[in-house]
Every structure is written in structure tokens, then in C-alpha cells.
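Below is one structure, written out as C-alpha cells, with a few remarks after it.
The values are calculated or read from the model by the stated rules, or taken from the named source; none is laboratory data. Just so you know, these numbers come straight off a predicted model, no measurement behind them. When we count neighbours, we look across all protein chains shown, and the Cβ atoms used for this are built from the backbone with ideal geometry, even at glycine. For accessibility, only protein heavy atoms count, side chains too; no ligands or nucleic acids. Shrake-Rupley method; radii C 1.70, N 1.55, O 1.52, S 1.80 Å.
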Amino acid sequence: MILIDTHTHLYSEEFKDDRSLMMERALAANVKHFFVPAIDSSYFESMQHIQQQYPENVHLMMGLHPCYVKPETFEQELAFVEQELAKGTYAAVGEIGVDLYWDQSTLKIQQQAFQTQIQWAKKLGLPINIHCRDAFDAVFEVLEQEKSADLFGIFHCFTGDFQQAQRAINLNMKLGIGGVVTFKNGKIDQFLNEISLENIVLETDAPYLAPVPYRGKRNESSYVPLIAQKLAAIYNVSVEEIALQTTKNALNIFKL
């Protein structure tokens, strides 16, 4: 049984004291591939370092996180992203999108950065990895403008309703399901079984959003099986079937 964590911040400072042990636990839990999103250029060296340590398992994305789209630096940051993507060594463009939880004043430039990076992904034949927080309308506005056969990817940490899930799927997005599915108030567990497993991938978003029974504590990639177990209960299938289908979905998206 092979599991894939399609979104994990392995380079996070939260793992500085036990990163190698954390990786050992994840590999022992059958999590064999880790897709690591970019935030901004300040994390670049840390990302490179973790990939050099685990070249067979760790796959990097490149992108500018919407929370780091600042008027004074975003053009320079985007230039860095474009330069890196040109090297052809990245698995996806991400994480990119819109976040209106922390700052609504930058909406227009967040959407501009999002659209620009989507266009690069399409040109390079890469999937996108979407960050969306309190911003479904703003994200869908850009996605609808860029809608095409060569637009595809993952709606990371999907927490929307059934209609938003359908809309994302119709735009060639898989739903990234993580710890929130185990929360009592997570809500997505109420309709997920109406969505084909072919549209689901697993993720942790480690070190954030740890699943029950670790909710509120540091998350890590070894917890992917807990998400798979919850999905097995929701879909009334075996954990092996969840692993098989979600791994197949992830491998197809990232062209591994």
C-alpha cells in the first residue's frame, strides 16, 4: 500500500529538531511521495536541502503563496518563480491562489499573481496547487478566465460545499483532502461520498491542520493513513482502495 502526501511543508521550522525522524515515521507509514509547495524565495534553500536529502521521495513545487503577495515585492518574487520554473525541475506551480483571511487590501494583486502563475503552468504543462482561504469567489473568477483543457491541478485543503466541489472538479481540479475531514465541524465529510474517488487526493498541509486525534498539535506526513481511514469510513470501502485510487490520482496529476 503506497500513500502520497500531495501537500506538506517539510522544510518548516516546526520540524527543525526532528525532521529526519519525522521522515522516517512517514516512510514507515507507507507515505512514499511528498509534494512540497513553495511560499516565497526566502524558503528556497530549505526546500532544496530537503529534496537533496530525499531525492526519490520529495518533489518540489514552485510558486508565490498569496499571503506573500505584497505590493513592494511581488513582481520581484514572481520573476524568481518564473526563472526557477524555466529550469524544468518542478512538479507543479504552487501554492498559488487567493487568501482574504489575513489581508483583503491586496485582492487585486493576489488575483494578478494567481493568473500570471496559472498561465505559466499551462505553458509548461504543469498542474497548479491552489490555496484558497475565505476567497472562493475570487479564486473561481480567475479560474473561469483561464479555463481550458491545459488547466488542471489540485484544490489544496478543500473546505468548500458540495456545489463548490463540483465547480472545482468541472475546472479539472482534484480535491486535496486533509485533516479537516476528521473534524466534527469540518462539514466536508457530509457530502464527500457523493463525489467520485477519482477526484480525491490526500494531503496533510503539515505542520498545520493535524487530523483527529492530534488536532491542535503539530501535523506531519505520517498522519496520511488517518485521513485515508476516515475516507474509507465515509466511502464505505477498504483503506487499501482509498490508497490505491488516491495514489493513482496523484501520480496522474504530477506525471510520475
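With the condition kept exactly as written, say whether any residue in the range 124-131 is open to solvent by 10 Å² or more (accessible area, probe 1.4 Å), in contact (Cβ under 8 Å) with a residue 40 or more places away in the chain and touching a Pro at 6+ places or on another chain (Cβ under 8 Å).
yes
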Taking the conditions exactly as written (open to solvent by 20 Å² or more (accessible area, probe 1.4 Å), of a type outside the set (Gly, Ala, Ser) and at pLDDT below 95), does LYS184 satisfy them or not? yes
Candidate set from the range 10-28 (those that are in contact with a helix residue (DSSP H, G or I) (Cβ under 6 Å, 6 or more places away or on another chain) and not in a helix (DSSP H, G or I)); member that is nearest to TYR43 (Cα to Cα): TYR11
Of all residues in the range 223-256 being among the polar types (S, T, N, Q) and out of contact with any helix residue (DSSP H, G or I) (no Cβ under 8 Å at 6 or more places or on another chain), which is farthest from GLY179 (Cα to Cα)? ASN252
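For GLN76, indicate whether it is open to solvent by less than 10 Å² (accessible area, probe 1.4 Å) and in a helix (DSSP H, G or I).
It is false that GLN76 is open to solvent by less than 10 Å² (accessible area, probe 1.4 Å) and in a helix (DSSP H, G or I).
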Of all residues in the range 223-248, which are basic (Lys, Arg) and within 17 Å of the chain's Cα centre (by Cα)? LYS248
Could you tell me which of the residues VAL201, VAL224 is open to solvent by less than 20 Å² (accessible area, probe 1.4 Å), of a type outside the set (Phe, Trp, Tyr) and in a strand (DSSP E or B)? VAL201
Considering only residues of the range 210-221 that are surrounded by fewer than 22 Cβ atoms within 10 Å (Cβ to Cβ) and in contact with a helix residue (DSSP H, G or I) (Cβ under 6 Å, 6 or more places away or on another chain), which is nearest to GLU14 (Cα to Cα)? ARG218
Looking at this structure, is ILE169 open to solvent by 10 Å² or more (accessible area, probe 1.4 Å) and part of a helix (DSSP H, G or I)? yes
Among the candidates PHE114, PHE158, PHE152, PHE140, residue that is modelled with pLDDT of 95 or more, under 20 Å from LYS248 (Cα atoms), aromatic (Phe, Trp, Tyr) and open to solvent by less than 10 Å² (accessible area, probe 1.4 Å): PHE158
